[in-house]
1. So, HIS198, is that one outside any loop (DSSP other than H, G, I, E, B) and either under 20 Å from THR166 (Cα atoms) or out of contact with any Phe, Trp or Tyr (no Cβ under 7 Å at 6 or more places or on another chain) (or both) or not?
2. Take ASP242 and tell me if it is open to solvent by 60 Å² or more (accessible area, probe 1.4 Å) and either touching a strand residue (DSSP E or B) at 6+ places or on another chain (Cβ under 6 Å) or within 15 Å of GLY193 (Cβ to Cβ) (or both).
3. Can you list residue pairs whose Cβ atoms sit under 6 Å apart, with the first residue in region 101-117 being under 17 Å from VAL139 (Cα atoms) and touching a residue at least 24 places away in the same chain (Cβ under 8 Å) and the second being near ligand 3 (Cβ under 6 Å from one of its atoms) and open to solvent by less than 80 Å² (accessible area, probe 1.4 Å)? Count only pairs 6 or more apart in sequence or on different chains.
4. Would you pick out the residues in region 95-117 that are within 16 Å of ligand 2 (Cβ to nearest atom), in contact with a Gly (Cβ under 9 Å, 6 or more places away or on another chain) and either under 12 Å from GLN32 (Cα atoms) or of a type outside the set (Asp, Glu) (or both)?
5. Look through ILE285, ILE267 and report the one residue that is surrounded by 21 or more Cβ atoms within 10 Å (Cβ to Cβ), over 19 Å from CYS92 (Cβ atoms) and more than 16 Å from ligand 3 (Cβ to nearest atom).
6. In region 104-144, which residue that is among the hydrophobic types (A, V, I, L, M, F, W, C) and within 16 Å of ligand 1 (Cβ to nearest atom) is most open to solvent (accessible area, probe 1.4 Å)?
7. May I ask you to say which residue of ASP251, ASP216 is surrounded by fewer than 20 Cβ atoms within 10 Å (Cβ to Cβ) and either among the aromatic types (Phe, Trp, Tyr) or touching a Pro at 6+ places or on another chain (Cβ under 8 Å) (or both)?
8. State yes or no: is ALA78 under 23 Å from VAL326 (Cβ atoms) and more than 16 Å from ligand 2 (Cβ to nearest atom)?
Amino acid sequence: MYNAKAYAAGSAVSPLASTTVARRDPTEDDVQIEILFCGICHSDLHQVRNQWKNIMPTVYPCVPGHEIVGRVTRVGSAITGFKPGDLAAVGCMVDSDRTCPECQAGLEQFCPNLTLTYNFPDKHLGGVTYGGYSDSVVVDQRFVLKVPSNLDLAGAAPLLCAGITTYSPMRHWGVTKGKKVGVVGLGGLGHMGVKFAHALGAHVVVFTTSPNKKEDARRLSADEVVVSRNAGEMRRHAGSFDFILDAVSADHDIDAYIQLLRRDGNITLVGAPDKPLAVPVFGLIFRRRSLSGSPIGGVPETQEMLNFCGEHNITADVEVIPIQKVNEAYDRLLKADVKYRFSIDMASLRAE
Ligand SMILES: NC(=O)c1ccc[n+]([C@@H]2O[C@H](COP(=O)([O-])OP(=O)(O)OC[C@H]3O[C@@H](n4cnc5c(N)ncnc54)[C@H](OP(=O)(O)O)[C@@H]3O)[C@@H](O)[C@H]2O)c1
Ligand SMILES: [Zn+2]
Ligand SMILES: [Zn+2]
């Protein structure tokens, strides 16, 4: 065991602060990674503030962070795919049972014995897992991804959650050329959704509550932008979408978007507000529309997404911050004021 530097929250109401956490020495199947950048996902904020207490109560201290890129520093004796000095990435999962039908299908995100990167029982050390707001991490090689060498690392980190969470449902629901696709909420997930839908050839419409994001949405390759608080603008799109990705982190009117789907259209929720959303069923019954959810993606699809990003030169638009500004970044996330993902430069933690 060794101590790693980290930032942790001590309770649902305390700010994140500097600390150390125990990490295991790499076993034969492990890769030890020096973390260079870690993205800030809105899920980190939900979890730190215990907003998902009914589903996944937070254990304190909580070290969040599941958008990790870094360099390999040590590898176990059974590792062939990585060597010291290689780039490596870790997303939302660090282990699973590897034997269930979901794991066998490469859909580890549905494994009943999944271990998430933070706030999940740690099979090796007891207690809970600690995430990427840290200078290093030790992860089983099966959950370590390869980062295409042409990508900017600060902008690549958010691909590990915001990227795969938006890529996976778009692939599942057949987003391709000729489809009309909506993306609701231009934050970390939403802006990745826009980039992927565009790269997959769709006609992309962004729905935002923030009129000041209109120009950015176009720059991010949206074909159209709708300010969702404008009922007239919304009505113009009634019954016209094949697929809508909803990436909103708070309560909102979901029926307003169901009404925009065509026959057999689908709206997938990736945003995870703590309170239930109201869903009037008639919007679904008429036109046989469907409403789904989707969690991250499996290991093979995460690697596929990273390779796709390498080929299309896709990264997140990031504001790189030192870790000492993490609490300020959380306050800004709550105000929908991020352009469009915070990425923590872990050199700032190493310098402490
Ligand atoms: N399913 C999964 O596997 C998964 C993975 C990662 C994250 N998530 C969840 O996805 C959600 C989004 O995460 P994120 O990191 O992208 O968050 P984010 O960067 O904070 O973006 C959320 C966006 O939602 C919009 N929004 C916020 N409050 C709103 C409100 N009251 N009404 C309408 N729109 C509002 C804003 O966009 P505009 O300014 O454009 O309106 C905001 O930028 C979070 O709940 C997170 O926990 C789920
Ligand atoms: Zn996330
Ligand atoms: Zn499994």
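The values are calculated or read from the model by the stated rules, or taken from the named source; none is laboratory data. Keep in mind it's a predicted model, so treat the numbers as computed, not measured. No Cβ is skipped: glycine too gets one built from the backbone with ideal geometry, and neighbour counts run over all protein chains shown. Keep in mind that these areas ignore ligands, DNA and RNA; they rest on the heavy atoms of the full protein, side chains included. Shrake-Rupley method; radii C 1.70, N 1.55, O 1.52, S 1.80 Å.
1. It is true that HIS198 is outside any loop (DSSP other than H, G, I, E, B) and either under 20 Å from THR166 (Cα atoms) or out of contact with any Phe, Trp or Tyr (no Cβ under 7 Å at 6 or more places or on another chain) (or both).
2. no
3. Hits for this filter: GLU108/SER96.
4. Of everything in region 95-117, those that are within 16 Å of ligand 2 (Cβ to nearest atom), in contact with a Gly (Cβ under 9 Å, 6 or more places away or on another chain) and either under 12 Å from GLN32 (Cα atoms) or of a type outside the set (Asp, Glu) (or both) turn out to be GLN109, LEU116, THR117.
5. Step by step, each of ILE285, ILE267 is checked, and only ILE267 is surrounded by 21 or more Cβ atoms within 10 Å (Cβ to Cβ), over 19 Å from CYS92 (Cβ atoms) and more than 16 Å from ligand 3 (Cβ to nearest atom).
6. Residue satisfying both the conditions and the ranking: PHE110.
7. ASP251
8. No, not satisfied.
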